[in-house]
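Okay, so here's the structure we're looking at.
The values are calculated or read from the model by the stated rules, or taken from the named source; none is laboratory data. The structure presented is a predicted model; accordingly, all values stated were derived computationally and were not measured. When we count neighbours, we look across all protein chains shown, and the Cβ atoms used for this are built from the backbone with ideal geometry, even at glycine.
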């Protein structure tokens, strides 16, 4: 009987540890940016591409007072390609590797629309300076729509959101631990009587 309890407690502990390890390939981030009169924040989902690089698959929140509805996907890579580098929709966590002083964006940047795709917003980095590009009421394919020459200094931040442990798991582990303790006590009492 003791071996059964010990085996069950080992299974419970293993399951508990296994469920605490989150899937590193899909991550939710809280994001924000500030700078001058600019500001935005929200949540984004991204998949790991290795080397601290994440491809943003959806974004929601508010950017410069404009709503970004739940389920908004970034515009396809290279939608904005004024020169040879287009948007790539990557962020980096904790920072872009191999570049001293780099932040969490790259020159390609993250391009997305506000509600109804009325406005386009580009978050990108040039020479370790985070920047915001705004194309209000238009898009980045038309230079006349791009405000402020396309680059306004900001500070961008993205932090992974902790995945909460399902409530049943700690209860499950506690129950098996209690059963194991009872089995141990019963075994100890049995040994004391037989001596």
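Going by what's in this entry, would residue 103 be described as touching a strand residue (DSSP E or B) at 6+ places or on another chain (Cβ under 7 Å), surrounded by 14 or more Cβ atoms within 10 Å (Cβ to Cβ) and over 19 Å from residue 77 (Cβ atoms)? Yes, satisfied.
The requirement of being modelled with pLDDT of 90 or more, in contact with a helix residue (DSSP H, G or I) (Cβ under 8 Å, 6 or more places away or on another chain) and over 23 Å from residue 26 (Cβ atoms) is fulfilled somewhere in the stretch 67-86, by at least one residue. When the stretch 43-64 is filtered for residues that are at positive phi and assigned to a strand (DSSP E or B), the ones remaining, listed by number, are 50, 61.
Taken together, 58, 41, 32 contain a single residue that is modelled with pLDDT of 95 or more, farther than 19 Å from residue 153 by Cβ and in contact with a strand residue (DSSP E or B) (Cβ under 8 Å, 6 or more places away or on another chain), which is 58. Here the stretch 73-116 is the region considered, the condition is being in a strand (DSSP E or B) and more than 24 Å from residue 37 (Cα to Cα), and the residue that is nearest to the chain's Cα centre (by Cα) is 92.
Among the residues making up the stretch 40-60, a single one is buried (at least 16 other Cβ atoms within 10 Å of the Cβ) and more than 14 Å from the chain's Cα centre (by Cα): 40. Quick check: anything in the stretch 121-136 modelled with pLDDT of 90 or more and either touching a helix residue (DSSP H, G or I) at 6+ places or on another chain (Cβ under 8 Å) or assigned to a loop (DSSP other than H, G, I, E, B) (or both)? No; the residues of the stretch 121-136 include none that is modelled with pLDDT of 90 or more and either touching a helix residue (DSSP H, G or I) at 6+ places or on another chain (Cβ under 8 Å) or assigned to a loop (DSSP other than H, G, I, E, B) (or both).
Inside the stretch 140-195, residues that are modelled with pLDDT under 70 and within 30 Å of residue 85 (Cβ to Cβ) make up a count of 11.
Of the numbered criteria (1) modelled with pLDDT under 95; (2) within 30 Å of residue 170 (Cα to Cα); (3) surrounded by 15 or more Cβ atoms within 10 Å (Cβ to Cβ), the one residue 2 fails is (3).
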